[in-house]
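*Asks:* Below: one structure in structure tokens.
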Amino acid sequence: MKPTLSVCPYCGTGCMFHLLQDDNGRLIGVEPSGGHPVSRGQLCVKGWNAHAFVQHPDRLTKPLIRRNGALEPAEWDEALDLVHSRLHQIADRHGRDSLMFLSSAKVSNEENYLLMKLARAGFGTNNIDHCARLCHSSTVTGLVETLGSGAMTNSINCIDQTDLILVIGSNTTAQHPLIGSRILQAVQRGTQLIVADSRKIRLSRHTDLHLRHRNGTDVALLNGIMRQIIAEGLEDRTFIEQRTENFAALKESLEPYTLQRTAELTGLEPEQIIATARLFAGADKAMLFYAMGITQHSHGVDNVRAVSNLALLTGNLGRPGTGINPLRGQNNVQGACDMGALPDVYSGYQKVSDPAVRKKFSRAWGVPLPDNPGMMSTHAIDAAVAGTLKGFFILGENPILSDANQAHVRQALENLDFLVTIDIFMTETCELADVVLPASCYAEKDGTFTNTERRIQHGRTAISSPGEARTDWHIITELLKRCGLIADYTNPSQIMDEIAQVTPSYGGISYDRLDINGLCWPCPDQKHPGTPILHRDQCTRGKGHFSPVSYKASKELPDAEYPLLLSTGRTYFHWHTGTMTRRSHLLDREERKAFAELNPKDAEKLGVREQQKIRISSRRGTIEVMAELTDRVPPGQVFVPFHFAEGAANVLTNNALDPESGIPEFKVCAVRVEAL
Ligand code: SF4
């Protein structure tokens, strides 16, 4: 068997493994990499099965062009010429900002960099975004404001050095399984664990305190905890004085969050808030972990600010075993952000509105660049519905299933003059496209991927692509050339060299330095060893900024017509829209059908039995799924995983947006359940 070192294509934990190939060139399995600092010779079930979808017969193998309403096979040159000419026609007729580019957290850093270059230099628009808009845009906005950097502050290995872990809004063992198991191992060694989540999750079985606060009341909970910490004099005064600013404003803002009021808003007991305050502030080193339970709200940025305030208040920043640790979802969502697949920044978070930065990129790419920040992807959907957005270029994303309010997204994509998608399988979004380009998957290309702890890792080519499928960087290079730009890349390492030249935090990254350990950014020069822990002596912005926030209710709460609260999320066996995991036979076998978790008390009132089909309706649509009766969800709440197209949770979800980050409120909306 021939082993090739690669990076797991699923979650942001970023485990590395060897893809195993037989003498006939077929992938036959996966072997964990014993020397890898994160996976340490282990994988979760998705990692063990990461080879299974690669050679699936459903892979796209030839470009497709829509003719007379149907997608028909075409030659590469014809398809690329058509993409180039149609996008330019639209830009000429309706303006450059009538185009939108959606990049992907599943493709490499080099490919994200090239797509943002294509949007900005090739088509003159900053309208580029990616799926971080749907998961951690609140983190980027909130943490940049309070710390100066929107990334995870510490490393996964810090779990081994901490005294206490607070997990809020993260089903870690399902979504980031190896980080979840590292937390469980720490608990076995005596580390204390607090879980704040309305659902009973696997981690909550092993916790010192499980706070089942109402969905959407995180700000009230965190403010109540902080008020209690200050009331008992447990804050870290030295850290506050030396490393932070705006403490007086924070303290004043917390006054309304008395134990009584916090208990009323969150549904918790005052004693639980007191116990949490004492445990958290009493730990010498505490780590905060959070994920989309915090970010996916119409007040997601406020939630992130509150998390950051708690870490600053207790001095849990800049040391091993501490930190604010947003767990990034997909395997390269951190890298897609780092590479500037965002509407307001180039790679390395360099602002498009800064004339000096613009001049630097303009000189490097040889063309003038637009100065107005571009559109967020969630706003682009609204613009397409309104008819002002005409052309959409989607790389490796499936917004029909992944965005909130499916009917609205479908209307947007159907309203476009031209839609082009690049993907490995025919997704629900590809079915609406005018041109579909077949892409290579992770096992068929070289590229770097940046995991949740900012570790840049090099995945290698194990096998060749099926049929005529091409790597994304090859496809985008062809389009850059058609736009008249110099793009003579023959290997992704050359693209990384260009990234390093224009991106200070990646300045020391080159392929010859990326061994099994990778490198954590910032890594400004070739001799720099990388930076596993941020904000050591001071925050990136200087002083850590306390940013006071007050509780705001979610946009749509249960009422007489829609009396239950819907929350969405992931399961252990599947990944996002199921495009890959549902084509992996072992994962598919373990969890085959769309389902909803319903509390037995609600089920009794509604006359629903275990495994009975139910209809779930919101103001936006209706789905039919099987009921799973469980006290994992509290009474009054329904949980639907969003992996299943035939029972798509996002038919129901609310596309109300956070006004600052543009993230939709996936985690709270009102629904009605009927037995069928
Ligand atoms: Fe892959 Fe994440 Fe599982 Fe690691 S924990 S094997 S990166 S899915």
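*Asks:* At 0.36 nm per residue, and after removing the present C-alpha to C-alpha distance, how many nm does the segment from residue 660 to residue 550 gain when stretched out fully?
*Replies:* Gain on stretching residue 660 to residue 550: 38.1 nm.
*Asks:* Counting other Cβ atoms within 10 Å of each Cβ, which trypsin sites (Lys or Arg not before Pro) in segment 562-617 have at most 14 and sit in a DSSP loop?
*Replies:* Filter output for segment 562-617: 592, 593, 609.
*Asks:* Also, quick follow-up: Tell me the carbon and sulfur percent of the accessible area for segment 463-615, rounded to whole percent, probe radius 1.4 Å.
*Replies:* Using a 1.4 Å probe with all protein chains present, segment 463-615 comes out at 50 percent carbon and sulfur.
*Asks:* If you average the C-alpha positions of segment 294-313 and of segment 514-592 separately, how far apart do those two centres end up, in angstrom?
*Replies:* 13
*Asks:* Counting only heavy atoms of protein chains, what accessible area per residue, in Å², does segment 188-262 have with a probe of 1.4 Å?
*Replies:* Numbers: 3450 Å² over 75 residues.
Spelled out: the 1.4 Å probe surface of segment 188-262, per residue, equals 46 Å².
*Asks:* I've got another one for you. Quote the charge dipole size of segment 1-136 about the Cα centre in Debye, to the nearest 20; the model charges only the Cβ of Lys and Arg (+1) and of Asp and Glu (-1).
*Replies:* 360
*Asks:* When the Cα atoms of the chain are enclosed in a convex hull and the volume is divided per residue, what value in Å³ results?
*Replies:* Each residue corresponds to 146 Å³ of Cα convex hull volume.
*Asks:* Counting Lys and Arg as +1 and Asp and Glu as -1, each charge on the Cβ, what is the dipole of the chain about the Cα centre in debye, to the nearest 20?
*Replies:* 600
*Asks:* Between 0 and 90 degrees, rounded to the nearest ten: what's the tilt of helix 177-188 against the longest Cα principal axis of the chain?
*Replies:* Value to nearest ten degrees: 30.
*Asks:* Helix 218-231 versus the longest principal axis of the chain: what angle, 0 to 90°, nearest 10, using Cα atoms?
*Replies:* Result, in degrees: 40.
*Asks:* Skip the ligands, DNA and RNA, and give the accessible area per residue of segment 1-127 with a 1.4 Å probe, whole Å². Before the final figure, lay out the partial values.
*Replies:* Details: 4510 Å² over 127 residues.
That works out to 36 Å² for each residue.
*Asks:* Taking only DSSP H segments of four or more residues, each worth -39500 (n - 2.57), what value at 222 nm results for the chain once the sum is divided by all its residues, to the nearest 500 deg cm²/dmol?
*Replies:* Details: 23 runs with 205 residues, N = 676.
Per the formula, -8500 deg cm²/dmol.
*Asks:* Any aspartates and glutamates with Cα under 16 Å of the residue 2 Cα? List them, leaving off those in the same chain fewer than 8 positions away.
*Replies:* Reachable aspartates and glutamates: 22, 23, 31, 444.
*Asks:* Same structure again: Rounded to the nearest percent, how much of the accessible area of segment 301-349 (1.4 Å probe, protein heavy atoms only) is carbon and sulfur?
*Replies:* After summing per-atom areas, the C and S share lands at 55 percent.
*Asks:* Scaled to the compact-protein estimate 2.2 N^0.38 Å, what is the alpha-carbon radius of gyration of segment 537-676, rounded to two decimal places?
*Replies:* My calculation over the Cα atoms of segment 537-676 gives 1.24.
*Asks:* Kindly identify segment 281-339 as rounded, prolate or oblate by the Cα gyration tensor criterion: order the square roots of the eigenvalues as a ≥ b ≥ c, call it rounded if a/c is under 1.5, otherwise compare a/b with b/c, prolate if a/b is larger, else oblate.
*Replies:* Values: a/c = 2.46, a/b = 1.45, b/c = 1.70.
Because a/c hits 1.5 or more and a/b fails to exceed b/c, segment 281-339 counts as oblate.
*Asks:* Cα gyration tensor of segment 185-266, axes a ≥ b ≥ c as square roots of the eigenvalues: rounded (a/c below 1.5), prolate (a/b > b/c) or oblate?
*Replies:* Cα axes put segment 185-266 in the oblate bin.
*Asks:* I would also like to ask the following. Accessible area per residue, 1.4 Å probe, Å², for segment 301-410: what's the number?
*Replies:* That works out to 25 Å² for each residue.
*Asks:* While we're looking at this one, here's another question. Taking 20 °C and 1.002 mPa s as the conditions, I'd like the Stokes-Einstein D for segment 354-430 in µm²/s, using the Kirkwood hydrodynamic radius from alpha carbon pairs.
*Replies:* Using the Kirkwood radius from Cα pairs, D works out to 151 µm²/s.
*Asks:* Within segment 170-264, list the trypsin sites (Lys or Arg not before Pro) lying in a DSSP loop whose Cβ has at most 11 other Cβ atoms in a 10 Å radius.
*Replies:* Of the trypsin sites (Lys or Arg not before Pro), the ones in loops of segment 170-264 whose Cβ has at most 11 other Cβ atoms within 10 Å are 189.
*Asks:* How large a share of the accessible area of segment 169-291, in percent, is made up of carbon and sulfur atoms when the probe is 1.4 Å and the other protein chains stay in place?
*Replies:* In segment 169-291, the share of accessible area belonging to carbon and sulfur is 45 percent.
*Asks:* I would also like to ask the following. Along its principal axes, what span do the Cα atoms of segment 110-158 show, with the longest given first and each in whole Å?
*Replies:* Cα spread of segment 110-158 along its principal axes, largest to smallest: 42, 23, 19 Å.
*Asks:* Could you give the spread of the C-alpha atoms of segment 419-490 along their three principal axes, from largest to smallest, in whole angstroms?
*Replies:* 37, 33, 26
*Asks:* Filter the GluC sites (Glu not before Pro) in segment 206-290 down to the DSSP loop ones having no more than 10 other Cβ atoms within 10 Å, then list what survives.
*Replies:* Sparse-neighbourhood loop GluC sites (Glu not before Pro): none present.
*Asks:* May I have the pair-distance distribution P(r) for segment 82-193, computed from all Cα-Cα distances with 10 Å bins from 0 and rounded to whole percent?
*Replies:* Once binned at 10 Å, the Cα pair distances of segment 82-193 give 12, 28, 27, 16, 11, 5, 1.
*Asks:* May I pose another question? Taking the Cα atoms only, what angle lies between the long axis of helix 492-502 and the longest principal axis of the chain, rounded to 10 degrees?
*Replies:* 60
The values are calculated or read from the model by the stated rules, or taken from the named source; none is laboratory data. Note that the coordinates shown come from a computational prediction; the quantities given were computed from them, not determined experimentally. Every residue, glycine as well, gets a Cβ built from its backbone with ideal geometry; the counts of neighbours run over all protein chains shown. When the accessible area is computed, the model is the full protein with side chains, heavy atoms only, and any ligands, DNA or RNA have been set aside. Shrake-Rupley method; radii C 1.70, N 1.55, O 1.52, S 1.80 Å.
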